[in-house]
Structure formats: C-alpha cells, structure tokens
Amino acid sequence: MKCENCTKKECSKKQKNDDTQTTSVDALSSNDGFEEKNEFHTLANAKILLSDCLACDNCMTSEEGARVFQQNQKELFRILNLNKKCDTSKHKVLAVSICPQSLPYFAAKFSLSVNDAAKRLCGFLKSLGVHYVFDTTIAADFSILESQREFVQRYQRRNQEEHALPMFASACPGWIRYAERVLTNLVTSHICTAKSPQQIMGSLVKGYFARQQNLSPDKIFHVIVAPCYDKKLEALREDFYTALYNSQEVDCVLTSGEIVQIMEQKNVSMKDVTEVAVDSLFDEIKEGDVVRHDGKRSDGYLEHIFKHAAKELFGMDVKEITYKALKNKDFQEVTLEKDGETVLRFAAAYGFRNIQNMVLKLKKGKFLYHFVEVLACPGGCLNGKGQAQTEDGKADKALLSQMEEVYAAIPVRLPETNVHVQKLYQDWLEGMDSKKVQETLHTKYSAVNQTASNLDIKW
C-alpha cells in the first residue's frame, strides 16, 4: 500500500498485510475504555485513507498510523462520556480551538455569514458538552510575529551564516513532514523555528489558560478543528509533549469534515443550532467578529513578513503587494525594489510539485528567494483535504470558490495591533526577548531520514 504523495518507489514499512495493520489499530483503540455502549455509540468510525494524508516517507509507521487513527470523533465522545460519569477524578475540561481556514467551509456549506457560522459551530460543540470554544487567530498572531522577527535576524546574518537565507515558513505540517523525513539538513536548516498556529494554541491552552483556571495541563482535553489531516500528525510530535504532566499540547485534531459528520450522525443542521459567542482566553470576555490575516488562502505569512521586512530593513512602508504568477497560479513571487535594485524577493509555493521544483533549485544553488511561504495543499489551506472534498475525494471547486469569497471578505487585523498579544508577551512570556519565548513559541526542525533519490520522483 502506498500513498499517492509518497516519494518512495516501494513502501518498506507497509510490507505487512492490511489485516495485520488493521488488527494492531483495532487492538489499540479497543483498550481505550470506549467499548461500552453510551449515547454516542452509533457514531461511525472515522476512516482516514493514506491518500488523505500528505505525509511522506512511506506514509506513516504502524505506530503513527494507530495513534492518528485514535484522533477521531470517538475519542472526543470518549471524553464527553467520561465527563458524564460520577468519578470526577477522570473528568476533563474540554476545550476546542477552531482554525480560521475552517470557518469559511462551514459558512459556505450552510449558506451562513462567517460570524454566524462561528457562533453556530460554537453552539453545536457546547450542546455536545464542550466547555470552551476558542478561535486560533491569536495563536497565528504569535506565529507571524515570531516569524517576522526571525526573518529580519536571518537577513542581517546572511553574510555570516551559510543557512540563514532563504527562510521557509513553518506553519504547514505536510511540508514540515516532507522536509524532515525526505529532505536533508541542507533544507531543514532553512525552516523558520516559530511554531505553527496550532501548536502555539496548544501552548496557550495548556500553559496560559490552564494557569488562569488553576488547572493541571493533563486535566484539559484540547481539540483542534482544522482543514487538513496532517495536523493530526503534527499534534503527535515529541517536541510538543510535556513529560511532567504526560500531556500533549493538542490531544486530538478533527477536520472540518469530521465535525460535519458528527452533525449528520446526530441529525443536526447548523441553521437550527443556537448561536453562542466564541470564548476568549481572557477571563469572561467573549470574542467579537471574526478577523483574519493578510493572505487570500492562508494566514498570510508572506505578506506580513514582506511588509515588516521592508519597513525594518529598508525603511519602506508597503501598503499593497503585487503577486507575479510564474509557472502556475500556485507559484507566485513578490519583489521589493529600492534605488533600481531588487532587495527582497519572496515566493509562495503551494502543492508538492512546486515544492519539489523549489528544493531542486536550492540544491543546485540557483535559488533567488529570501523567503518562501510553503504550503503542501495546492490552493493553500482552504483546500485542505479535510474539507471541501467531494465523495470521490476530489476538490469541490464550487464550494471552494465560495469559501475563498467568504475568506477574502473577512476583515484583516494586523498581529501587532492585538493588545492581548502584547500583554501576553509581558505577563506570560516575560518579554519579547526572553528565554520563555524561545521555549514556548519556537521549536527545532531537522532531517530524520536522508534519501538522495527522492527528488527524482515525478509528482
């Protein structure tokens, strides 16, 4: 069995037959205490096909496959069921964080405004027994701000450090997985060390919010609603695990499509759900209208970093960015000129074909870019395989077009203007240049498995 995106000609880790793997997964999931009947026992098992996942290096190990399999709707309902039992020692505070690129899916699918979709999704989740529902935009604020600062520092060190530039964005787990498992340290050393919004949200919920609520991190069960399956793999990374509390920053990732499956199982329509304001991490404050970052299909790392670098490095205030499409619409570049010289050259590379071409140029020493926003999904995060897919697994182009319109209409808020972020830097992280910032908001990426022949594969 081989994933359509796998770079190996043969899957050495998939030599055992499907029955063996299925047995190991079933055995693992049957020991989770969920086998007794409860109000959620009719929920269908979530089945993740290997082709749904963009991860490379023979897809996944058997252990990873089993752990990813556990991140499904039944795991959410296992916690909900435990919370209904008398043994309070096993109760968990259930928090769900929703990615900004998931909301346009619910809005377009159910013909709602994005603000109504957010409130109705919150209402639905709370009707199940979820205690808190958060928006992950604040986590993306942190990720973008830290990426901006790191790029400026790398640019200033470019003549002293061989691998300072180019810098690659680190927000996409599919790209990170590919880089670590297939590419060499020549590539991984160029990846920005800022954590993705998902994992920064994990730190916020299990760190800051847990402390505010006087809770141990292991007493919180943290679920992320995301547009793609690769975020399930990201949640399992060892560097996002705290041994002291035996706790992952993110306990379970459910795709937008899996949430819709739950609604269908319970015969609930979004339009019939009571609207409930989305929670804030700060006391009893509720979130206001949905906001987003610059960028038409993602969190807009390219645009924010480009404008910040133009100001910090060259004193230029860039208001609008003009993209130039190159080989295809998923590979575009942006340049900044000063005194007739190109001083900044950025690119957006979406989809594995563009990523592969980019890596080939880097290895041949023909790479011209200072920064690249890399996303594994063609079309960006809105086109994640966990949403906007037809029954045969292809992109629902009509729905995706609606989602892009919805997303583009959301008001933009600059990360620098979020007063809560600035307050957290001082009160929680002990200042922007503190050791705690590095420990909480950054991680390290390095090659796990080096294979020279992988770049010969045609995507």
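The values are calculated or read from the model by the stated rules, or taken from the named source; none is laboratory data. Predicted model, so just to flag it, every value in this text is computed and none were measured. All Cβ positions, glycine included, derive from the backbone under ideal geometry; neighbour counts span all protein chains shown. Each accessible area value is taken on the protein alone, full model and side chains, heavy atoms only, with ligands, DNA and RNA left out. Shrake-Rupley method; radii C 1.70, N 1.55, O 1.52, S 1.80 Å.
Note on the stretch 409-431: residues that are free of Cβ contacts under 8 Å to residues at least 40 places away in the same chain, assigned to a loop (DSSP other than H, G, I, E, B) and closer than 18 Å to Met201 by Cβ total 1.
Quick check on the stretch 331-352. Is at least one of its residues basic (Lys, Arg), in contact (Cβ under 8 Å) with a residue 60 or more places away in the chain and in the same structural domain as Gln148 (by the TED database)?
no
The residue pairs whose first member lies in the stretch 314-327 and is in contact (Cβ under 8 Å) with a residue 24 or more places away in the chain, whose second member is among the basic types (Lys, Arg), and whose beta carbons are closer than 6 Å, counting only pairs six or more residues apart or on different chains, are Phe314/Lys338. Regarding Gly351, is this residue in contact with a Pro (Cβ under 6 Å, 6 or more places away or on another chain) and on the phi > 0 side of the Ramachandran plot? It is true that Gly351 is in contact with a Pro (Cβ under 6 Å, 6 or more places away or on another chain) and on the phi > 0 side of the Ramachandran plot.
All of (1) touching a Pro at 6+ places or on another chain (Cβ under 8 Å); (2) touching a residue at least 60 places away in the same chain (Cβ under 8 Å) hold for Thr242 with one exception: (2). For Glu264, indicate whether it is assigned by the TED database to the domain that holds Val130, part of a helix (DSSP H, G or I), open to solvent by less than 20 Å² (accessible area, probe 1.4 Å) and of a type outside the set (Val, Ile, Thr). The answer is no for Glu264. Restricting the search to helices (runs of 4 or more DSSP H) fully inside the stretch 102-190 and requiring at least 2 residues that are modelled with pLDDT of 95 or more gives 103-109, 114-128, 137-156.
Let's see how each residue does on (1) within 30 Å of Ala325 (Cβ to Cβ); (2) more than 21 Å from the chain's Cα centre (by Cα):
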{"residue": "Gly384", "(1), (2)": "yes, no"}
{"residue": "Asp392", "(1), (2)": "yes, yes"}
{"residue": "Ala395", "(1), (2)": "yes, no"}
{"residue": "Val419", "(1), (2)": "no, yes"}
{"residue": "Glu430", "(1), (2)": "no, yes"}
{"residue": "Lys436", "(1), (2)": "no, yes"}
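Selection within the stretch 190-239: residues that are surrounded by 24 or more Cβ atoms within 10 Å (Cβ to Cβ) and among the charged types (D, E, K, R). The member of this set that is nearest to Thr440 (Cα to Cα) is Lys195.
Restricting attention to the stretch 335-381, the residues that are in contact with a Cys (Cβ under 9 Å, 6 or more places away or on another chain) and part of a loop (DSSP other than H, G, I, E, B) total 3.
Within the stretch 104-117, the set of residues being open to solvent by 10 Å² or more (accessible area, probe 1.4 Å), within 16 Å of Glu287 (Cβ to Cβ) and not polar (S, T, N, Q) comprises Val114, Asp116. Remark: Pro166 falls outside the filter, which requires a residue to be open to solvent by less than 30 Å² (accessible area, probe 1.4 Å) and under 20 Å from the mean Cα position of the chain (by Cα).
I need the full set of residues from the stretch 416-447 which are exposed (fewer than 13 other Cβ atoms within 10 Å of the Cβ) and in contact with a strand residue (DSSP E or B) (Cβ under 6 Å, 6 or more places away or on another chain), in order please. None - no residue of the stretch 416-447 is exposed (fewer than 13 other Cβ atoms within 10 Å of the Cβ) and in contact with a strand residue (DSSP E or B) (Cβ under 6 Å, 6 or more places away or on another chain), so the list stays empty. Leu414 meets the stated requirement of being within 29 Å of Phe142 (Cα to Cα) and modelled with pLDDT of 90 or more.
Could you tell me whether the stretch 385-396 includes any residue that is charged (D, E, K, R), open to solvent by less than 70 Å² (accessible area, probe 1.4 Å) and in contact (Cβ under 8 Å) with a residue 12 or more places away in the chain? Within the stretch 385-396, one or more residues are charged (D, E, K, R), open to solvent by less than 70 Å² (accessible area, probe 1.4 Å) and in contact (Cβ under 8 Å) with a residue 12 or more places away in the chain.
Report whether or not Ala310 is surrounded by fewer than 17 Cβ atoms within 10 Å (Cβ to Cβ) and outside any strand (DSSP E or B).
It is false that Ala310 is surrounded by fewer than 17 Cβ atoms within 10 Å (Cβ to Cβ) and outside any strand (DSSP E or B).
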